[in-house]
Amino acid sequence: MTSVRNLSAVTKEGPENLAEEPSPRHTRGMRLRRLPLALAAGSALLLSACAGDAELDTLEPRGPEAETIDNLIDPLFLISFVVFFIILGLSAGVAIKNRVKGEYEDDDWPTQTHGNAKAEWAWTAVPFFGMAFIGVLTVFAVIDLNSEEANAYAVEVDGETMQWEPHVVVVGHQWWWEYRYYFDGFDVDAFLDEDHANPAKHLPPADIVTSGQMIIPAGQEIELSITSRDVIHSHWIPALNGKRDAVPGRIHPWKLEADAPGYYFGQCTEFCGLSHARMRMQTIAMNDSDFAEWVDQQTTPATLSDEDAAFIAALRAGDNPSPANSVQQGLVNIRQLCSACHLVEGVNHFDDVPEDSVDNIYKEANVGVSLRAGAAPNLTHFASRSTFAGGIFNLYNEDGSLNRNKLEAWLRNPAALKANDADNLQGMPNLGLSEDQIDDIVAALETFGTRPSATVIAETFAE
Amino acid sequence: MAEAVLDAAGHDNHGDPHAVVHKTNTGVSNNKLAMWVFLGSECLLFGGLISTYLLYRTNTQGGPEPSEEFFDIPFTSASSFVLLMSSLTMVLAHSAAGKGDIRKLKIWLLSTALLGSVFVAGQIYEFTVFVREGLGWSTSPFSSAFYALTGFHGVHVTIGIIMLLSTFISAMRGRMHPGNAETVEIVGLYWHFVDIVWVFIFTVIYLAA
Amino acid sequence: MAIIENPLELEAGDEVAQVAEKPLGVLTRPQGSTGWQSWLFTVDHKRIGIMYGVFAMFFFLIGGLEALAIRLQLAVPNGKILSPETYNQVFTMHGVTMIFLVIMPLAAAFANYLLPLQLGARDVAFPRMNALSLWVFVAGGFFLCSSLFIGGWFENVPNGGWFNYAPNSGTLFSPTKGIDFYAVGLQILGIASLVSAINLIVTCLNMRAEGMTLMKMPVLTWMLLVVQFLLLFALPVITVALFLLMFDRLWGANFFNVEMGADPLLWQHLFWIFGHPEVYILILPSFGIISEVIPVFSRKPIFGYSFMVASGIAIGFLGWGVWAHHMFVSGLGPISVAAFSVSTMFIAVPTGVKILNWVATMWGGRIQLTTAMLFAIGVVSMFTIGGLSGVTHSVAAADTQQTDTYYIVAHFHYVIFGGALLGIFSGFYFWWPKMFGYKLNEKWGKWNFWLQIVGFNLTFGPMHILGLQGMSRRIDSYDPGYGFELWNMVSSIGAFVIFTGVAIFFVNIYVSQKQAKHLPPVGPDPWDARSLEWMTASPTPEHNFDEEIVVEYQDHFWHQKWAEEEDGRVVRIAYAEDIAHDGSATDVHLPSPSYWPLVLASGLPFIGYGIIYNYWLCAIGGFLTLGAIFGWIFEHPDDPDAAHGHHDDHGDDGDSDHGTPDSDTVDTDADDAELVTASTDAGEASNG
């Protein structure tokens, strides 16, 4: 499991920032926690295997919510094992001890006990009260997990300091996650009162829209509002909290908190169709300064160079400028080929984006409003994320270079890398791009956003 | 078996060659018990449909809403009254069967079937009106739930009518006698059940509008 | 529903006379009492039970192959055996097949075969309805499985999981015909189960032998009765859900269409209101089976009979109040979650009572470790694991970590395989001699048991760990690096061990059958058992009992063989061979076979295909179904010349075997009741 480390979101701070001390309660918990599992297989082999690197381990809490759950379940596992071994011991023990080999003899009869009311009431009552006790603890835990803590967190956006009640809107899509940040607050009730058939398609513009990776400040309780745009998904970061379903038409509250900066893996856990297995996400908790920096980058509309910005402006003005380099050619391609679904602020987030056939398929399918620029991940800060295609591929190699092969292969034929049914609006279509087009698009994509830190890139690799 | 041997109607018909004598532990004939059990299951079927309707009652997506203006309450009340009256004629048919009055049995069976048919016809008419007023099957969750619930009930009434007519025909062919009055009773059980369900549906859909 | 075929003995002379005097039927009833006809048209509850078993085992092989395909795919990271689409189809069909086409019908096999026998009855209340249940199940099963190849291999297979959550099940997200097959197929199977439930409930309540009060019924019969009530009330709920789904998919309704404002949780509620009682529908028959097996091989009566019965009923009741524990993460409010969490925990109480009562039955007993007993002990211990892991996720907070992971997969396999299926295997070994007249070989049986139990634990034990390590359910592949490799490999190896175990079961049938030719007949009561089915010859004669039984005790048959002295000693008072019926009665009137259940059932798949593909097929299906209903109505109430070759030669001792003084008169006028019945059936057929 990923150790708890300070992650620096930007390049200036190196790996020396890593703080390698798990908090004491984890060490205590871990020994206790291993015990039941060891009993489960009754072998030391199991013990060693479990100690391995399970990135999604549910028994290694890294935040208060996950800790609440863990504290509840650990003793229960222990009790369960004791009960099981009592039953197994009794049934197997009795069977072996009282065993008769061969046929029964006529006089081979034990005492004919028909029952014993006292004993039976006793073993009705003991589980009853045992369960009642667990029930009370459960009720408290459920209340705890569903309560909200009012807190404010100062965020600076465009030089203006806002009091943000840490909150992220989480939207499930086939097969990727979108995270939307509203720093001046998002009133779920008021939004639901607008009475949209499928609210996820009507979410108001957000300060930050990212996908695949949710960035949060460590040590803060983050409220989540979880919904889905198509089918039911389930959002789950095991180290931080249990899961909650993303149900289209509904917005579900949930929360999570990371004790310390770190990289936490997640996986969609509600069957959501063809590529359910390939719908992952990560939560990256940062220290306050890194988070502030990340917010600053993400709220800047486009991360284009001045020349490229001027080039886009000329394109919009209808001047037909000729691209000076591969990046500019890529921008042209993105505007022409990707705009139906992907949004890149500063590149195609304008009214003049051409209509596209993909959009029309959605219309024909009678799925409501136009899905233009929003049906697929927002690419404005694409390069600032360390994974792509629904959190399943690493955007950077271990040495920090762009994972060009994967990205090009993805553009060449997405379905070959991640099963989809693009004809049915599920997943990215094969656009039949030429190799030149792919090279140009990759060149442009690489300029969208600031690279994550070396630490984040290193943590991206599941091991 | 220790339980009393009774025919369905509870008459003492020993010596009657046509007697239907079932020896059962409960004293209720297998056929009748099966109908009771089946109706128990039907309760859950309509329970599911009514719950679905209640969930979607207000979910009209801009289409027609379940309101007094939209529903023709007097019309539906009248057809509900017709259906309730058919329960009365059903009781009369059962009583006639028990008394062995085959002529009256035929009259009341046919009346019940006719009243039921009037109800179904009223439903069909009402549906056409609703469709013309813009409440199609696919208009909204409300419309789908409305038609599913009333439609399922309508199908049940129709099946009841077929059962009544079958019994009527067998009476015409001289097959009915006090010994199998239970047949009429079983049909009656089903028919009353369908009526009672309508009382619930009428309340939930029309009166609550 | 009528009983033309009153399965009690009649005075044949009277009957012939009456049939002659009133030629009611326009069609004769089938004649064959041997060969394939005697199976296809039978209304004998025992043959129907056996056929339920045979067809269920056929589907078990299909479901098992699907399981192997899943395990092959997941044995190593990034498995390439199945494409994602095929994988989704295969795991869906594995679940649907095992639940609806294997465990439920295997329970029905035991219910059909044993329930009338244990009650001391000649047959079920409605023998033709019983045949109808069987054939509708078979029709529905083949209909569902035909989705594997109709329109091309793996083109139109259900792919939404057995739980089939909306809106993923809508045409928008699942445009193939697969989920139509699911919706229609399960409705057909629902008809079968509903008819069967009504039939068996009436049988249980009305057809018990004299003196067989409810609280003298064997625990198996009690559990089966509870199951039939669960089916009775659960099936209409899933029927509603399936109808709504079908309306949405085929005719554009808006029950689950989010774009039109529908709420997907409607499906979840309807599904789980059915789905949770369904769990008890699967497990309670097995509880009943081992409650018969353990006393016999412990030489003690069941410990706390009334607690066993009461806890079964309690499970049945509580099963209705816990469905939302499948939805702890679906976004219910915290109050619902807490309430359903606590209600779920209390199911552990009656379940715990059962487990401890089984142990107490064995306690101090004289235990013979036959294969049947081994399987029964297997259930006690393996189900305990399933039950305890169930408790761990009844804790709603913990469930948010565990649900939809392999921990749940492990849990319900310990319940359904470790509980239900092992119990059914125990039943196979126990009742095999009663059904077929020879015992299954114990040596092969032990191999079967140990391979199956070891394979089972190898397969599903590691899934607990995988789940806790965060492996999601229903994923067609996983990447290396998440710590899933080792235990998935172990699990896949275990699956093949299970497969070997099951294969040995089939080998055992073959071997035992061959060996039996050289062995003496097993006699009526090879295990020194307790309940009434052992009081007649093996295999059970067609008429079950030569004379009516008057029951005095719970475990009546045992009390005919043994007496408990005042000092607690047990002494023999009779040998089973001397008191059991030898099956020689020749004058027992039995219901005649009928063509129509089979014909009626055969119409349903056509209606199903018609709804999905072309309404003209509905016409063919409707013609078959309606024609069968008419045939049903108008066939002879009984055909005394058919099916019972021994009918003529009983004149001399005719009356002597009639136990009760007030034998039934003939119900020749039942055709009118039948007419009504048939209409009701039509209602069921069209309404689910």
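Out of curiosity, is A:D245 at pLDDT 95 or above and either within 14 Å of chain C (Cβ to nearest Cβ) or in a loop (DSSP other than H, G, I, E, B) (or both)? Taking the combined requirement at face value, the residue satisfies it. Say we look at the range C:554-587 and pick out the residues that are within 29 Å of the chain's Cα centre (by Cα) and not acidic (D, E); which of these is farthest from the other protein chains (Cβ to nearest Cβ)? Only one residue tops the list, namely C:G583.
Counting only residues that are in contact (Cβ under 8 Å) with a residue 40 or more places away in the chain, closer than 15 Å to C:A410 by Cα and at the interface with chain A (Cβ under 9 Å from one of its Cβ atoms), the range C:373-390 holds 1 of them. The set of residues in the range A:83-104 being under 15 Å from C:L356 (Cα atoms) and either of a type outside the set (S, T, Y) or more than 9 Å from chain C (Cβ to nearest Cβ) (or both) consists of A:V83, A:F84, A:F85, A:I86, A:I87, A:L88, A:G89, A:L90, A:A92, A:G93, A:V94, A:A95.
Condition check ((1) touching an Asp or Glu at 6+ places or on another chain (Cβ under 6 Å); (2) facing another protein chain (nearest Cβ under 9 Å); (3) at pLDDT 95 or above; (4) surrounded by fewer than 24 Cβ atoms within 10 Å (Cβ to Cβ)) across all residues:
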site: C:P285; (1), (2), (3), (4): no, no, yes, no
site: C:G288; (1), (2), (3), (4): no, no, yes, no
site: C:S291; (1), (2), (3), (4): no, no, yes, no
site: C:P295; (1), (2), (3), (4): no, no, yes, no
site: C:G304; (1), (2), (3), (4): yes, yes, no, no
site: C:I313; (1), (2), (3), (4): no, no, yes, yes
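Can you pull out every residue in the range C:544-557 that is touching an Asp or Glu at 6+ places or on another chain (Cβ under 9 Å) and under 14 Å from C:Q118 (Cα atoms)? Of everything in the range C:544-557, those that are touching an Asp or Glu at 6+ places or on another chain (Cβ under 9 Å) and under 14 Å from C:Q118 (Cα atoms) turn out to be C:N544, C:E548, C:I549, C:V550, C:V551, C:F557. Figure legend. Inter-residue proximity from the range A:105-120: first residues more than 7 Å from chain C (Cβ to nearest Cβ) and touching a residue at least 24 places away in the same chain (Cβ under 8 Å), second residues surrounded by 11 or more Cβ atoms within 10 Å (Cβ to Cβ) and in a loop (DSSP other than H, G, I, E, B), beta-carbon distance below 7 Å, spacing 6+ or different chains. No pairs are indicated. The residues on offer are A:A422, A:A454, and the sole one that is outside the structural domain of A:M286 (by TED's automatic domain parsing) and modelled with pLDDT of 90 or more is A:A454.
In the range C:528-548 there is at least one residue that is surrounded by 21 or more Cβ atoms within 10 Å (Cβ to Cβ), within 14 Å of chain A (Cβ to nearest Cβ) and more than 30 Å from C:H393 (Cα to Cα). Would you check if there is a residue in the range A:349-371 being within 19 Å of the chain's Cα centre (by Cα), modelled with pLDDT under 95 and not assigned by TED's automatic domain parsing to the domain that holds A:T283? Among the residues of the range A:349-371, not one is within 19 Å of the chain's Cα centre (by Cα), modelled with pLDDT under 95 and not assigned by TED's automatic domain parsing to the domain that holds A:T283, which makes the answer no. The set of residues in the range A:54-75 that are buried (at least 22 other Cβ atoms within 10 Å of the Cβ) and more than 10 Å from chain C (Cβ to nearest Cβ) comprises A:R62, A:G63.
For every residue, the table says whether it meets (1) in the same structural domain as A:I73 (by TED's automatic domain parsing); (2) β-branched (V, I, T); (3) part of a helix (DSSP H, G or I); (4) within 25 Å of A:W254 (Cα to Cα).
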| site | (1), (2), (3), (4) |
| --- | --- |
| A:A125 | yes, no, yes, no |
| A:F128 | yes, no, yes, no |
| A:M131 | yes, no, yes, no |
| A:L137 | yes, no, yes, yes |
| A:V142 | yes, yes, yes, yes |
| A:L145 | yes, no, yes, yes |
| A:E148 | yes, no, no, yes |
| A:N151 | yes, no, no, yes |
| A:A154 | yes, no, no, yes |
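Conditions tested, residue by residue: (1) among the polar types (S, T, N, Q); (2) crowded, with 24+ Cβ neighbours inside 10 Å; (3) in contact with a Phe, Trp or Tyr (Cβ under 6 Å, 6 or more places away or on another chain).
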| position | (1), (2), (3) |
| --- | --- |
| C:V195 | no, yes, no |
| C:V202 | no, yes, no |
| C:M207 | no, yes, no |
| C:P218 | no, yes, no |
| C:T221 | yes, yes, no |
| C:L224 | no, yes, no |
| C:L244 | no, yes, yes |
| C:L250 | no, no, no |
| C:N257 | yes, yes, no |
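Identification of helices (runs of 4 or more DSSP H) wholly contained in the range B:67-186 with 1 or more residues that are buried (at least 22 other Cβ atoms within 10 Å of the Cβ), at pLDDT below 95 and at the interface with chain C (Cβ under 9 Å from one of its Cβ atoms) yields B:141-172. Do we have any residue at all in the range C:342-363 that's within 20 Å of C:I103 (Cα to Cα) and either more than 11 Å from every other protein chain (Cβ to nearest Cβ) or of a type in the set (F, W, Y) (or both)? No, because not a single residue in the range C:342-363 is within 20 Å of C:I103 (Cα to Cα) and either more than 11 Å from every other protein chain (Cβ to nearest Cβ) or of a type in the set (F, W, Y) (or both). Taken over the range A:313-337, the criterion of being closer than 15 Å to A:A443 by Cβ, in a helix (DSSP H, G or I) and either outside the structural domain of A:D440 (by TED's automatic domain parsing) or hydrophobic (A, V, I, L, M, F, W, C) (or both) is satisfied by A:V327, A:L331, A:V332, A:I334, A:L337. Among the residues of the range A:410-448, the one identified as crowded, with 21+ Cβ neighbours inside 10 Å, farther than 26 Å from A:A277 by Cβ and not hydrophobic (A, V, I, L, M, F, W, C) is A:D440. For the range A:284-307, the criterion of being assigned to a helix (DSSP H, G or I), touching a residue at least 40 places away in the same chain (Cβ under 8 Å), farther than 19 Å from A:S211 by Cα and assigned by TED's automatic domain parsing to the domain that holds A:G219 is met by at least one residue.
The condition (being farther than 23 Å from A:Y182 by Cα, under 19 Å from the mean Cα position of the chain (by Cα) and not in a loop (DSSP other than H, G, I, E, B)) is satisfied by just one residue among A:F265, A:F271: A:F265. Here C:V551 meets the list (1) touching a strand residue (DSSP E or B) at 6+ places or on another chain (Cβ under 6 Å); (2) β-branched (V, I, T); (3) closer than 21 Å to C:P295 by Cα; (4) within 14 Å of another protein chain (Cβ to nearest Cβ) almost entirely, failing just condition (1). Among the residues making up the range A:236-252, a single one is in contact with a Phe, Trp or Tyr (Cβ under 7 Å, 6 or more places away or on another chain) and closer than 19 Å to A:F191 by Cβ: A:R244. Restricting attention to the range B:29-66, and to residues there that are at the interface with another protein chain (Cβ under 7 Å from one of its Cβ atoms) and assigned to a loop (DSSP other than H, G, I, E, B), which single residue is nearest to B:H192 (Cα to Cα)? Among those that are at the interface with another protein chain (Cβ under 7 Å from one of its Cβ atoms) and assigned to a loop (DSSP other than H, G, I, E, B), it is B:N59.
A:P261 meets the conditions (1) more than 10 Å from chain C (Cβ to nearest Cβ); (2) at pLDDT below 95 in every case but one. The failed one is (2). C:F456 passes every criterion in (1) free of Cβ contacts under 8 Å to residues at least 60 places away in the same chain; (2) more than 13 Å from every other protein chain (Cβ to nearest Cβ) apart from (1). Only a single item in (1) under 22 Å from C:N88 (Cβ atoms); (2) within 14 Å of chain A (Cβ to nearest Cβ); (3) modelled with pLDDT of 95 or more is not met by C:Y482, and it is number (3).
The values are calculated or read from the model by the stated rules, or taken from the named source; none is laboratory data. These numbers were taken from a predicted model, which means no experiment stands behind them. Using ideal geometry, Cβ is built from the backbone for each residue, glycine included, and neighbour counts are taken over all protein chains shown.
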